[in-house]
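This report concerns only the one structure given below.
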């Protein structure tokens, strides 16, 4: 048996079908099926249960996969280490993050990375679903939250803060609230997501008491990009993460309110995190990408934004 057959078996088990794995590798499903059939014949066991609707591992298949997975990982590590010792960083780097974070924070930093490392092909998977990066074979995730748990390497990229903002057109028509009590006389734009409370929380510092105050609900939206758009259109006050609206505030398209307060939807101590599977060797393409994001985690200049848009 060869390593390619083992990799194909592992890939089919992860993706759940011959067709899915074939699409990932750009090959024909019949070729994948023949490889699996040849491996089963060589081993003398059936690795998959096949029905018209699904493909699942047999008990023998699960045992075999558990045994070969560490070997395939070590072979991948050895290949990367040997390649990195004599070549510039290259290859495919798969990265996943949320749609909003990818659009507003990550994408403005992609062009400069591509300029610096043209041999690295970025495979960006933007989704609001939580992806199991280990089982999906993804190199890295950018995640938001107070902390990251699990069998991963996780390091903080930067702390995040939330700001109450309004468009100049809204303030011109309705005025700006001067106190938390005045919020109830204004129209608010809210996230409509499971687990996200309907109230806004404020505090002076980490030692002070938390106060809850909110405007009246004018609109609920399940997407941060659409919520930002509604705020820009003057439809109400919004509480948004700083990475979502940093350039809007710089450009005067949105006006920050209650700047002497810390604000939050749920928790105050939140951050953006770099997350990747624990490995004994981190490929150069992943190392340089993380270093690039860290070096450019501040606000992107207007010229960079223009280039990204144009």
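The values are calculated or read from the model by the stated rules, or taken from the named source; none is laboratory data. Note that the structure is a prediction, hence the values are computed from the model and not measured. For neighbour counting, all protein chains shown are included, and Cβ atoms are generated from backbone atoms with ideal geometry for every residue, glycine included.
Could you grab me the full set of residues in the stretch 107-123 that are touching a strand residue (DSSP E or B) at 6+ places or on another chain (Cβ under 6 Å) and either buried (at least 19 other Cβ atoms within 10 Å of the Cβ) or not assigned by TED's automatic domain parsing to the domain that holds residue 289 (or both)?
Let us first name the residues in the stretch 107-123 that are touching a strand residue (DSSP E or B) at 6+ places or on another chain (Cβ under 6 Å), namely 120-123.
Listed by number, the list holds a single entry, 120.
Residue count for the stretch 164-180, restricted to those that are surrounded by fewer than 22 Cβ atoms within 10 Å (Cβ to Cβ) and either within 34 Å of the chain's Cα centre (by Cα) or touching a residue at least 60 places away in the same chain (Cβ under 8 Å) (or both): 7.
When residue 203 is tested against (1) closer than 25 Å to residue 251 by Cα; (2) under 30 Å from the mean Cα position of the chain (by Cα); (3) surrounded by 14 or more Cβ atoms within 10 Å (Cβ to Cβ), only condition (1) is not met.
In summary, strands (runs of 3 or more DSSP E) completely within the stretch 158-239 and bearing 3 or more residues that are farther than 13 Å from residue 264 by Cα and touching a helix residue (DSSP H, G or I) at 6+ places or on another chain (Cβ under 7 Å) occur at 216-221. For the stretch 183-195, a residue qualifies if it is exposed (fewer than 13 other Cβ atoms within 10 Å of the Cβ) and at pLDDT below 90, and the qualifying residues are 194, 195. Assessment of the stretch 194-205 against the conditions (in contact (Cβ under 8 Å) with a residue 40 or more places away in the chain, outside the structural domain of residue 97 (by TED's automatic domain parsing) and more than 27 Å from residue 100 (Cα to Cα)) yields at least one matching residue. Taking the stretch 79-97 as the range and being over 21 Å from residue 24 (Cβ atoms) and surrounded by fewer than 15 Cβ atoms within 10 Å (Cβ to Cβ) as the test, the residues that pass are 81, 82, 85, 86, 87, 88.
Name every residue in the stretch 13-39 that is touching a strand residue (DSSP E or B) at 6+ places or on another chain (Cβ under 8 Å), more than 22 Å from residue 77 (Cβ to Cβ) and assigned to a helix (DSSP H, G or I), in order of residue number.
Restricting attention to the stretch 13-39, the residues satisfying the condition of being touching a strand residue (DSSP E or B) at 6+ places or on another chain (Cβ under 8 Å) are 13, 16-18, 36.
Now restrict to residues that are more than 22 Å from residue 77 (Cβ to Cβ): 16-18, 36.
Within the stretch 13-39, 18, 36 meet the criteria.
Out of curiosity, is residue 77 at pLDDT below 85, within 30 Å of the chain's Cα centre (by Cα) and closer than 22 Å to residue 139 by Cβ? Show your work before the answer.
Values: at pLDDT below 85: yes; within 30 Å of the chain's Cα centre (by Cα): yes; closer than 22 Å to residue 139 by Cβ: yes.
Considered against the rule, which asks whether it is at pLDDT below 85, within 30 Å of the chain's Cα centre (by Cα) and closer than 22 Å to residue 139 by Cβ, residue 77 comes out as yes.
Taking (1) outside the structural domain of residue 121 (by TED's automatic domain parsing); (2) closer than 30 Å to residue 135 by Cβ in turn, residue 278 satisfies each apart from (1).
Considering only the stretch 124-154, state which residues are touching a helix residue (DSSP H, G or I) at 6+ places or on another chain (Cβ under 8 Å), within 22 Å of residue 285 (Cβ to Cβ) and surrounded by 13 or more Cβ atoms within 10 Å (Cβ to Cβ).
124, 126, 136, 137, 139, 140, 142
This table checks each residue for (1) surrounded by 17 or more Cβ atoms within 10 Å (Cβ to Cβ); (2) not assigned by TED's automatic domain parsing to the domain that holds residue 277.
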residue: 42; (1), (2): no, yes
residue: 48; (1), (2): yes, yes
residue: 53; (1), (2): no, yes
residue: 67; (1), (2): no, yes
residue: 73; (1), (2): no, yes
residue: 77; (1), (2): no, yes
residue: 99; (1), (2): no, no
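Residue count for the stretch 44-60 under the criterion of being assigned to a helix (DSSP H, G or I) and modelled with pLDDT under 90: the result is 0.
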